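Quick notes on the structure that follows.
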Amino acid sequence: MADKLTQDQLTQMAKHARAIRRNIIAAVTEAKSGHPGGSLSAADILTVLYFAEMKVDVRNPADPARDRFVLSKGHAAPVLYATLAEKGFFPAEELLTLRKIDSRIQGHPSMKDVPGVDMSTGSLGQGLAAANGMALAGRLDGRDYRVYALLGDGELEEGMVWEAAMFAPHYKLDNLTAFVDFNGLQIDGPIAEVMSPLPIPEKWQSFGWNVLEIDGHDMNAIYAAIQTAKTVKDRPTMIVAHTVKGKGVCEMENAAEWHGKAPSREECQLFLSELDD
Amino acid sequence: MGKATREAYGEALRELGALNKDIIVLDADLSKSTKTNLFAKAFPERFFNVGIAEQNLMGTAAGLAAAGKIPFVSSFAMFAAGRAFEQVRNSICYPRLNVKIAATHAGLTVGEDGASHQAIEDISLMRSIPNMTVIVPADAAETRQAIAFAAEYRGPVYIRLGRMAVPELFGDDYEFQHGKAVELADGKDVTLIASGVMVSAAREAAEELLAAGISARVLNIHTIKPIDVEAVCKAARDTGAIVTCEEHNIIGGLGSAVAEVLVEHQPVPMERVGVQDTFGESGTPAALLKKYHLTAADIVEAAKRVVRRKK
């Protein structure tokens, strides 16, 4: 398989990513709460995963042979929901019911409610262990599906992450690829100031992971790293993706205050125009 | 004396492992104590030690279940229900994943390790999580059946097991019925409702009470959640007084579950024999049961008190 996207694919990816970002802004505005900053930073990674890589079937979301994705930083639910809707798992209009009563689009991902969600997450630090379990099950069943997980950089402050970090190389889970969405900011400020998990690549390396470091907004780089990870035997791969919190909306970029704040309707209009095709 | 319920668990797991290839067993560096080593020896390819990492134990099991496996995970009750509470709640129970938690060394009778290792809150914690089923087997035969039930049932199950050997109550013909109380003796003056290691103490107490002219019914409630509302109400109607007996804090466990049923459906005088909202200490299991008032004699006293309270 080629480890580069074609120009056509790149154009398509950019289009999907813009639509996903627009829907993140629209959904969070409508909900009047939610987490736009860390959703926007992960949008390009999810776009490449769902539109260039993962074997998933919108008509058969529970297919046992499918690739799996675990959003460990579950507060970035808007990017997962927007990506799943863009892929066709459910109608995009439903995104506007995010966080509202009687909606299946919960504030954090719920696997029992929404087709395409592979794991319920939200309490930080818990996603990688679940991804490990899925990867282990795949190997026990002799299936060749792959498991992907996305962790936040602030989330690395949770001790359980490192329990799971030990497990995956110990059991040689080479069907697992994880990402750190390394945007450098958490609710209370820069991760380096709040409780530094730095240096990040070296930590995963020392735990036995194959580590790649990329620009998390370069679609080609994301795609190439995923392809490289598939060739690595006997250990999992961690792709440390340098990203910008709030990516795509000038006012939100690199601003910790947009971690968990909804735009007003006026701001929403402005932000959406920035993301026009 | 029979055997410890944890021993029966290990044996049951080994038997079920041969019948169901989807059963995967995980342990957190306690497999010799939890007896999952019996399964590990028989099916090494389906046994995984996660090391001293109970949160990861629960999270990995959730992932295995999400991919169609039937994981049985074990640790001491203190760590399974306490240390990993939020992982059990959010990663297992919220998505209703098919994970079986067999927690050993529960209650005061873990003994000399002392209060830090004596889980007397685990039933309360596990019972309060939606989607969770909570089972406390009383002897080896009941444990074997409960484990077989858990393997068949779709959804999260917490099974509370003990360290020390307990008397045999049931034979091989015993049939475990999920959510159904087991009547061990009939009586008309009071009902002793017990679970786990306290079931044999309750039987003993019933015999002593009979000698004192009080006729006691004995119910073994192995399924704390969902609790057998019908049997509890019938006992209250028939005997007019209830004593609950559990190796757990009197707050949140069997006593609370029974009290909830009684106040809503069939209020009668009630007494709770259990740990009186205090931490334990180091000691032999027998000495601890005596000091913390969990003996047949304590049940007899409670029964006499509650009978006097009847109108």
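The values are calculated or read from the model by the stated rules, or taken from the named source; none is laboratory data. If you're wondering where the values come from, they're calculated on a predicted model, not measured in any experiment. We place every Cβ from the backbone using ideal geometry, glycine too, and count neighbours over all the protein chains shown. SASA here: full protein model, heavy atoms, side chains in, ligands and nucleic acids out. Shrake-Rupley method; radii C 1.70, N 1.55, O 1.52, S 1.80 Å.
Data for the structure
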| item | result |
| --- | --- |
| Search result, residues across segment A:238-255 that are out of contact with any Lys or Arg (no Cβ under 7 Å at 6 or more places or on another chain) and buried (at least 21 other Cβ atoms within 10 Å of the Cβ) | A:Met238, A:Ile239, A:Val240, A:Ala241, A:Thr243, A:Lys245, A:Gly246, A:Lys247, A:Val249, A:Met252 |
| Those residues of segment A:82-117 which are under 16 Å from A:Lys32 (Cβ atoms) and open to solvent by less than 50 Å² (accessible area, probe 1.4 Å), in sequence order | A:Leu95, A:Thr97, A:Leu98, A:Ser103, A:Ile105, A:Gly107 |
| Pair list, Cβ under 8 Å, 6 or more apart: segment B:262-274 residue at pLDDT below 95, other residue open to solvent by less than 40 Å² (accessible area, probe 1.4 Å) | none |
| Considering residues of segment A:219-236 that are out of contact with any Asp or Glu (no Cβ under 8 Å at 6 or more places or on another chain) and open to solvent by less than 10 Å² (accessible area, probe 1.4 Å) only, the residue farthest from A:His35 (Cα to Cα) | A:Ala229 |
| Condition check for B:Gly114: buried (at least 24 other Cβ atoms within 10 Å of the Cβ) and closer than 17 Å to B:Val275 by Cα | no |
| Filter result for the condition that a residue is outside any helix (DSSP H, G or I), touching a residue at least 60 places away in the same chain (Cβ under 8 Å) and open to solvent by 20 Å² or more (accessible area, probe 1.4 Å), over A:Lys4, A:Lys15 | A:Lys4 |
| Residue check, A:Arg104 assigned to a loop (DSSP other than H, G, I, E, B), away from every other protein chain (no Cβ under 12 Å), at pLDDT 95 or above and in contact with a Gly (Cβ under 6 Å, 6 or more places away or on another chain) | no |
| Residues located in segment A:73-97, provided they are within 23 Å of B:Gly59 (Cβ to Cβ) and assigned to a loop (DSSP other than H, G, I, E, B) | A:Lys73 |
| Residues of segment B:220-246 satisfying the condition of being touching a residue at least 12 places away in the same chain (Cβ under 8 Å) and open to solvent by 10 Å² or more (accessible area, probe 1.4 Å) | B:Lys225, B:Pro226, B:Ile227, B:Asp228, B:Val229, B:Ala231, B:Cys233, B:Arg237, B:Asp238, B:Gly240 |
| All helices (runs of 4 or more DSSP H) inside segment A:164-277 with 3 or more residues being of a type in the set (D, E, K, R) | A:265-274 |
| Top-ranked residue of segment B:52-64 - restricted to ones that are more than 7 Å from chain A (Cβ to nearest Cβ) and open to solvent by 10 Å² or more (accessible area, probe 1.4 Å), ranked as nearest to A:Ala149 (Cα to Cα) | B:Glu54 |
| Test set (1) at the interface with chain A (Cβ under 10 Å from one of its Cβ atoms); (2) over 25 Å from A:Glu163 (Cα atoms) - B:Tyr9 fails condition number | (1) |
| Test result for A:Pro78, free of Cβ contacts under 8 Å to residues at least 60 places away in the same chain, within 20 Å of A:Ala14 (Cβ to Cβ) and buried (at least 24 other Cβ atoms within 10 Å of the Cβ) | yes |
| Residue within segment B:23-39 that is surrounded by fewer than 24 Cβ atoms within 10 Å (Cβ to Cβ), farther than 21 Å from B:Met164 by Cβ and over 24 Å from the mean Cα position of the chain (by Cα) present | no |
| Enumerated helices (runs of 4 or more DSSP H) restricted to segment B:253-311, each holding at least 1 residues that are under 18 Å from the mean Cα position of the chain (by Cα) | B:254-265, B:285-291 |
| Those residues of segment B:69-79 which are closer than 27 Å to A:Asp141 by Cα and touching a strand residue (DSSP E or B) at 6+ places or on another chain (Cβ under 6 Å), in sequence order | B:Lys69, B:Ile70, B:Pro71, B:Phe72, B:Val73, B:Ser74 |
| When residues of segment B:182-204 are limited to those that are more than 23 Å from B:Arg309 (Cα to Cα) and more than 13 Å from the chain's Cα centre (by Cα), the one surrounded by the fewest Cβ atoms within 10 Å (Cβ to Cβ) | B:Glu183 |
| Among (1) open to solvent by 10 Å² or more (accessible area, probe 1.4 Å); (2) within 9 Å of chain A (Cβ to nearest Cβ) - the single one B:Phe47 does not satisfy | (2) |
| Qualifying residue in segment A:56-72 (condition: in a helix (DSSP H, G or I), open to solvent by 10 Å² or more (accessible area, probe 1.4 Å), over 16 Å from A:Val180 (Cα atoms) and at pLDDT 95 or above) | no |
| Residue under evaluation B:Glu247, criteria (1) in contact with a Gly (Cβ under 8 Å, 6 or more places away or on another chain); (2) more than 23 Å from B:Lys100 (Cβ to Cβ); (3) not in a loop (DSSP other than H, G, I, E, B), criterion not met | (2) |
| Members of segment B:80-104 that are closer than 23 Å to B:Gln118 by Cβ, surrounded by 24 or more Cβ atoms within 10 Å (Cβ to Cβ) and either within 13 Å of chain A (Cβ to nearest Cβ) or in contact with an Asp or Glu (Cβ under 8 Å, 6 or more places away or on another chain) (or both) | B:Ala80, B:Ala81, B:Ala84, B:Gln87, B:Val88, B:Ala103 |
| Tally of residues being in contact with a Leu (Cβ under 7 Å, 6 or more places away or on another chain) and under 21 Å from A:Gly260 (Cβ atoms) across segment A:118-145 | 2 |
| Which listed residue is assigned to a helix (DSSP H, G or I), of a type in the set (Gly, Ala, Ser) and more than 24 Å from A:Lys32 (Cα to Cα), from A:Gly138, A:Gly142 | A:Gly138 |
| Members of segment A:137-147 that are out of contact with any helix residue (DSSP H, G or I) (no Cβ under 6 Å at 6 or more places or on another chain) and either open to solvent by less than 10 Å² (accessible area, probe 1.4 Å) or more than 8 Å from chain B (Cβ to nearest Cβ) (or both) | A:Gly138, A:Arg139, A:Gly142, A:Arg143, A:Asp144, A:Arg146 |
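For (1) hydrophobic (A, V, I, L, M, F, W, C); (2) part of a strand (DSSP E or B), each residue gets a yes or a no:
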site	(1), (2)
B:Leu169	yes, no
B:Gly187	no, no
B:Gly196	no, no
B:Ala201	yes, no
B:Val218	yes, yes
